[in-house]
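A short write-up of the structure that comes next.
The values are calculated or read from the model by the stated rules, or taken from the named source; none is laboratory data. Computed from a predicted model, the values in this text were never measured in an experiment. Here the Cβ is made from the backbone with ideal geometry for all residues, glycine too, and neighbour counts use every protein chain on show. All accessible areas refer to the heavy atoms of the entire protein, side chains included, with ligands and DNA or RNA removed. Shrake-Rupley method; radii C 1.70, N 1.55, O 1.52, S 1.80 Å.
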Amino acid sequence: MSELLNLVGAQWRLALALVVAFPLLLVLLNEWGFALARAGHPVASSVRFVRTWVVPLGAVVLFLRWVALVPPTGLAVRLTESLWLAAMIIAIIGIINNVVFESAQPASWQHKVPRLLRDLIRLLLVAIGLAMVYSFVWGREIENALAALGVTSIVVGLALQEPLGNLFSGLMLLMERPFEVGETIEVGSVAGEVREVNWRSAHIEAFGGSIMVVPNSTLNKETIVNFSRPRPQRMELVDVQFSLQDPPYKVRQALTELMRETEGVLEKPKPIAATLGYGDFGVKYRLIYRTAEKDRWPVKNELVTRIWYMAKRHGFTMPYPVEVTLQHQQERPFTAAHAEGADLLAQFPRLPEIPPEDRERTRTLTFGVGERLFDEGDDLAGVYFVVSGAVSLQVVRNHQVTEIATIHAGEFCGETGMHGHQAANLRAVALEDTAVVVIAPDVVRHLFEASPRLASETGHTLEVHRKALHAARTVLRQHRSG
């Protein structure tokens with residue numbers, strides 16, 4: 001009788017413990033999971049799995065075995081124990097995967113292990129664990145289950161030909177490893193960066209930002225172009241055509257200089273501007289340069305845009321089909337109308353009129369956003385007058401850029417060119433589409449002599465720029481010495 005009372009007392013104590021400990025453990029796991037999720041830790045998913053499945057199933061097993069005193073051979077106990085042990089196996093393997101692989105640093109060997117391989121190993125370990133649970137809980141021989149599984153697998157294999165084909169194609173890709181996560185590839189009509197590779201497919205982020213899911217069977221059949229190997233650089237080709245009247249050596253020199261000045265074009269190997277041949281309307285050129293794969297489209301867009309501005313500055317003509325109607329009464333040959341530098345300067349009333357003999361000593365240049373009018377040390381053969389747009393005057397030391405002033409239409413810059421061929425003492429960069437007129441030194445002096453007020457105002461502005469330049473260089477020297 002006393003043993004029965006002790007047993008009943010033990011049951012009630014265990015039941016009370018379950019009533020108190022089970023909710024408390026759920027609350028603790030819930031708070032821990034939220035804390036890990038806020039920190040972005042991969043273990044958060046495993047903690048949530050333990051809270052949702054392992055702890056409740058364990059509580060049910062304890063209740064059935066030690067509170068309700070259900071026999072171990074009972075169907076309810078066996079089913080619950082099987083589910084509990086299976087959840088334990090999945091949770092342990094998940095925690096190991098999260099700690100060892102998901103939390104690894106990008107440069108570590110754990111991070112480089114393909115996800116498909118990890119998933120297959122996890123699946124194998126879970127299968128082995130379930131086989132052990134089947135033998136331990138149900139007391140059955142594994143050999144009989146394997147025989148039945150073999151017959152079932154034939155039927156399942158016929159029904160799942162395509163998924164299994166993707167799985168085995170993924171295994172072949174895993175062994176060959178033609179690409180890895182983070183590399184840029186092209187498969188058929190799909191191109192982009194590989195984001196994920198699993199047992200069924202590869203997820204590729206296209207250049208537009210959309211995710212393209214490509215089945216492994218397709219990857220195994222198509223030709224894969226890997227742009228990240230042997231090095232993450234991309235050779236780009238840009239074809240352009242200029243007039244037969246434009247000297248090819250000058251065109252090639254201007255194109256080469258343009259590529260060197262375009263941000264994102266790699267210095268090594270050196271960019272090349274090659275003469276391809278002669279077409280019906282002009283000479284064909286090819287620009288050959290290399291850039292980082294991630295900068296491919298922005299660099300090409302910027303380079304192609306700047307070709308137009310370069311052609312305008314150098315007076316090159318980009319031929320295109322035109323239709324011209326000539327009247328037989330005209331006495332002079334047909335010429336395209338264009339605004340001369342003196343005509344553009346005449347738009348500003350505070351500037352004196354350019355004498356006819358000096359009109360040819362002005363020239364107009366056009367620059368796009370981010371292009372340099374001149375750099376520090378460049379030889380200036382005249383003074384720059386901004387007709388439209390805006391220009392940033394900058395000092396550069398050790399790749400550190402300091403802006404000292406911004407000038408707009410109606411202002412001068414490049415004042416060192418007032419004394420003939422002199423080196424520029426700063427850098428000038430176009431902040432928007434900008435047109436300038438380069439005026440010869442003696443023409444500038446004639447303008448100042450004709451308008452003392454213009455000379456005074458310009459001198460004051462240039463003095464402000466000179467002081468700002470001196471102050472910026474002093475600060476840069478102090479930073480370098482400090």
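Taking every protein chain into account, the accessible area of the range 189-264 amounts to 58 square angstrom per residue (probe 1.4 Å). Packing here is the average count of other Cβ atoms within 10 Å per residue, and on that basis the peptides 12-21, 209-218, highest first, run 209-218, 12-21.
For a test of the definition: using alpha carbon positions, the gyration tensor, and the 1.5 limit on a/c, classify the range 172-258 as rounded, prolate or oblate. Note, shape of the range 172-258 comes out prolate. Put the Cα centre of the range 39-56 next to the Cα centre of the range 236-300 and the gap is 57 Å. Close amide H partners of SER388, meaning residues 5 or more places away or on another chain with modelled amide H under 5 Å apart, are ALA435.
Using C-alpha pairs under 8 Å with a sequence gap of at least 6, the mean separation divided by the residue count of the range 20-100 gives a relative contact order of 31 percent. Among 340-350, 385-395, sorting by the average number of other beta carbon atoms lying within 10 angstrom of each residue, highest first, gives 385-395, 340-350. Derived scalar couplings between HN and Hα for the range 179-194 equal 7, 10, 4, x, 8, 9, 10, 9, 10, x, 9, 9, 9, x, 9, 6 Hz in order, rounded to whole Hz, by the Karplus curve 6.51 cos²θ - 1.76 cosθ + 1.60 (θ = phi - 60°), x for Gly and Pro.
Taking 0.36 nm per residue of separation and subtracting the Cα-Cα distance, full extension of the segment from MET132 to VAL181 would add 14.1 nm.
Summing Cβ point charges (Lys, Arg +1; Asp, Glu -1) relative to the Cα centre of the range 197-290 gives a dipole of roughly 420 debye. With a ≥ b ≥ c the root eigenvalues of the C-alpha gyration tensor of the range 222-301, is it rounded (a/c under 1.5), prolate (a/b larger than b/c) or oblate? Prolate is the answer for the range 222-301, as a/c is 1.5 or above and a/b outweighs b/c.
Prolate is the label for the range 366-473, because a/c, from the alpha-carbon gyration tensor with a ≥ b ≥ c as root eigenvalues, is 1.5 or above and a/b exceeds b/c.
Protein-only accessible surface at a 1.4 angstrom probe places the residues ILE204, ILE224, ILE121 in the order ILE121, ILE224, ILE204, largest first.
Solvent exposure of GLU411, expressed as accessible area, is near 60 Å², computed with a probe of 1.4 Å over the protein chains only.
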